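The values are calculated or read from the model by the stated rules, or taken from the named source; none is laboratory data. From a predicted model like this one, the values you see are computed outputs, not experimental measurements. Cβ atoms come from the backbone with ideal geometry, glycine included; neighbour counts cover every protein chain shown.
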Amino acid sequence: MRANKTAATGALSASIAHELNQPLGASNLNIQFLQKRLAEGVLTADQTKEVLAALLSDNQRAATIIQSLRSIFSDGKIGVERIDLNDLIQSVLKIANPEIHSKNIQVILQLGASSTINMNRGEIQQVLLNLINNAIQGLAESRGPHKTIQIQTRDVSGGVEAAVLDNGPGIGKEVQIHLFELLAGSQKKTGMGLGLWLCRHIISRHGGHIRHEATPEGGAQFIFFLPLDQS
C-alpha cells in the first residue's frame, strides 16, 4: 500500500510539474524572442502585441492549473455558481486562440441552446482548456491539409453534454484503456499527463462523467456530462 501511495504521489508531482512547465516554458521562449528583437532594434508593434497576447494566455493557463489543482486536496464542497456553459467556452477560446491560430487550426462551434448550470467556473474552465490543448497536440501529428477542432454543446436528459473533437490521427487502442489513469498518463507517451486524470476528477466532483470516443474521420473526441441537479 505504501509503495503504491508513494508511486502515485510521485506520478502526481511529475504530472503537475509537466502541466505547469508547458505554459511557463512557452512564456520563457516568448520573453527571449522579445529580448532578441529588442536588442536588434527590429521589434515591431504588431510583434509586441502578438507576443504579449501569448504571454497573457500562458499566464492565465498556469493560473487556472494552480487554481483547479487546489480541488484535488480539498475535501469540502466545491463553490459553484450559475454559469452559461456556452459563454464559458467562448471565454476559454480567448485564452487558447493564440496557440490555435499559430498552428493554423480552424475552430468550429456547434453550441446548443443557452445552458445555465451550477458549476465551479475555474474548474470547468480547466477541463475545457485541457481538452482543447489535447486536441491541439493531437493535430500537431496530423498530416492533413485542414486541421479542425469542433466544440459542441447539447441539452440531454438531466443535464448538458459538451464535446471537443479533432480530425487528427486519434488515440491508439492500447492507450485508450488507461486514458484517464494518473500513473499511465505520467509516462507522457500521449503527452496528456495530468490533464485527463484531472478532467475526470473535476467532472466527477460535479456529479458528472467524461468519456472518449473515436470520430468517424479517425480523430478523437472527449464528451463530458454535467447534471442540472448536483444535490
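Hey, among the residues in the stretch 212-231 that are more than 9 Å from GLY159 (Cβ to Cβ) and either aromatic (Phe, Trp, Tyr) or at pLDDT 95 or above (or both), which one's nearest to the chain's Cα centre (by Cα)?
The residue in question is PHE222.
Within the stretch 54-168, considering only strands (runs of 3 or more DSSP E) that don't extend past its boundaries, which have at least 3 residues that are surrounded by fewer than 17 Cβ atoms within 10 Å (Cβ to Cβ) and in contact (Cβ under 8 Å) with a residue 40 or more places away in the chain? Talk me through it step by step, then tell me what you get.
Values: elements: 81-84, 105-110, 116-119, 147-156, 159-166.
So the answer is 105-110, 147-156.
Of the residues in the stretch 101-120, how many are touching a helix residue (DSSP H, G or I) at 6+ places or on another chain (Cβ under 7 Å) and closer than 27 Å to GLU81 by Cβ?
Here the count works out to 5.
Return only the number of the condition from (1) β-branched (Val, Ile, Thr); (2) part of a helix (DSSP H, G or I); (3) at pLDDT 80 or above that VAL175 does not satisfy.
Evaluating VAL175 over (1) β-branched (Val, Ile, Thr); (2) part of a helix (DSSP H, G or I); (3) at pLDDT 80 or above leaves (3) as the failure.
Looking at (1) surrounded by 11 or more Cβ atoms within 10 Å (Cβ to Cβ); (2) at pLDDT 90 or above; (3) hydrophobic (A, V, I, L, M, F, W, C), can you tell me which one ALA39 breaks?
Checking ALA39 against (1) surrounded by 11 or more Cβ atoms within 10 Å (Cβ to Cβ); (2) at pLDDT 90 or above; (3) hydrophobic (A, V, I, L, M, F, W, C), the one that fails is (1).
Looking only at residues in the stretch 114-135 that are modelled with pLDDT under 90 and in contact with an Asp or Glu (Cβ under 7 Å, 6 or more places away or on another chain), which one is farthest from ILE78 (Cα to Cα)?
SER114
So how many residues does the stretch 9-31 have that are farther than 15 Å from ASN130 by Cα and either modelled with pLDDT of 80 or more or not hydrophobic (A, V, I, L, M, F, W, C) (or both)?
Count: 11.
For LEU34, state whether it is at pLDDT 85 or above, out of contact with any Phe, Trp or Tyr (no Cβ under 6 Å at 6 or more places or on another chain) and not in a helix (DSSP H, G or I).
no
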